[in-house]
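Here the structure comes first, spelled out in structure tokens, and everything after it is commentary.
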Amino acid sequence: MDIIEAINSRYSVRAFKRDPVPKAVLEELLTVSQRAPSWANTQTWEFAVAGGKAMQELRETMAARAFAQDERGPDIPRPEWPSPYKERRRSNGIRLYKALGIQKDDVERQLKWFVDMYRFFDAPHAIFIYTERDLSVWAMMNVGLVVQSISLAALNYGLGSIMLAAGASYPDVVRRLLTIPESKQLVIAIAIGYPDPDAAVNKFRTERAPLSEVCTWHGF
């Protein structure tokens, strides 16, 4: 697939087929993704990949915590977005709820959708990305680069993905089930698998700000 086509066609998949992805495919995907650039080639990322019984236990445990509204304790605090970012986030949420047919007063469906995030949208696999604690902020830059590589390379294998802060919201659960040491900080989770092409939610696409809002030109 052409790289520009991949960038333009990638989207956040929120409904997956149950079919597992062969381990060899995921190994190849992650090996290729490690070609991502990083500060001085430091490669400050590590992966824990879940599938099968481990994935099912993660889904059930995380969803139960979310349904009970247990306080989240991510290793990396959730941001408070100022303008114009909070408006972009709100607009996206409104459009997504509209696409799903969820009314603003439908608390039951809103809660179900919220919990579905913690079920990883029933993806057969999740890739958890973590780093050593107390590294420079550049370590997070490195992680962002490898996450982008994973999400784009996935298309080559017919896979879809979604980055989930929800998957990193209860790091104690992830550490216990995947034996990740306390010395590591959990950054993000990626739900990954074969997209369900018939799911209405997979027709939803996010918008982007016009280039004129985010770019200035000098010397042209």
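Here are some notes:
- Each residue in the range 44-90 was checked for being part of a loop (DSSP other than H, G, I, E, B), surrounded by 14 or more Cβ atoms within 10 Å (Cβ to Cβ) and of a type outside the set (Ser, Thr, Tyr), and 6 pass.
- Within the range 159-171, none of the residues are over 13 Å from the mean Cα position of the chain (by Cα), among the small types (Gly, Ala, Ser) and under 23 Å from Trp113 (Cβ atoms).
- Within the set Ala153, Ala126, the sole residue that is outside any helix (DSSP H, G or I), closer than 26 Å to Asn202 by Cβ, in contact with a helix residue (DSSP H, G or I) (Cβ under 7 Å, 6 or more places away or on another chain) and at pLDDT 95 or above turns out to be Ala126.
- Breaking point among (1) touching a helix residue (DSSP H, G or I) at 6+ places or on another chain (Cβ under 7 Å); (2) assigned to a helix (DSSP H, G or I), for Ala189: (2)
- Condition check for Lys104: over 30 Å from Glu28 (Cβ atoms), part of a helix (DSSP H, G or I) and free of Cβ contacts under 8 Å to residues at least 24 places away in the same chain: no
- Here Asp19 meets each of (1) at pLDDT 95 or above; (2) within 19 Å of Met163 (Cα to Cα); (3) assigned to a loop (DSSP other than H, G, I, E, B) with one exception, condition (2).
- The selection criterion, being without any contact (Cβ under 8 Å) to a residue 60 or more places away in the chain, of a type outside the set (Val, Ile, Thr) and under 27 Å from Glu57 (Cα atoms), does not hold for Phe121.
- Residue that is surrounded by the most Cβ atoms within 10 Å (Cβ to Cβ), among those in the range 151-192 that are farther than 20 Å from Thr31 by Cα and among the polar types (S, T, N, Q): Ser169
- Hey, Gly144 without any contact (Cβ under 8 Å) to a residue 12 or more places away in the chain and of a type in the set (Gly, Ala, Ser) or not: yes
The values are calculated or read from the model by the stated rules, or taken from the named source; none is laboratory data. These numbers were taken from a predicted model, which means no experiment stands behind them. Reconstructed Cβ throughout: ideal geometry from the backbone, glycine too, with neighbour counts over all protein chains shown.
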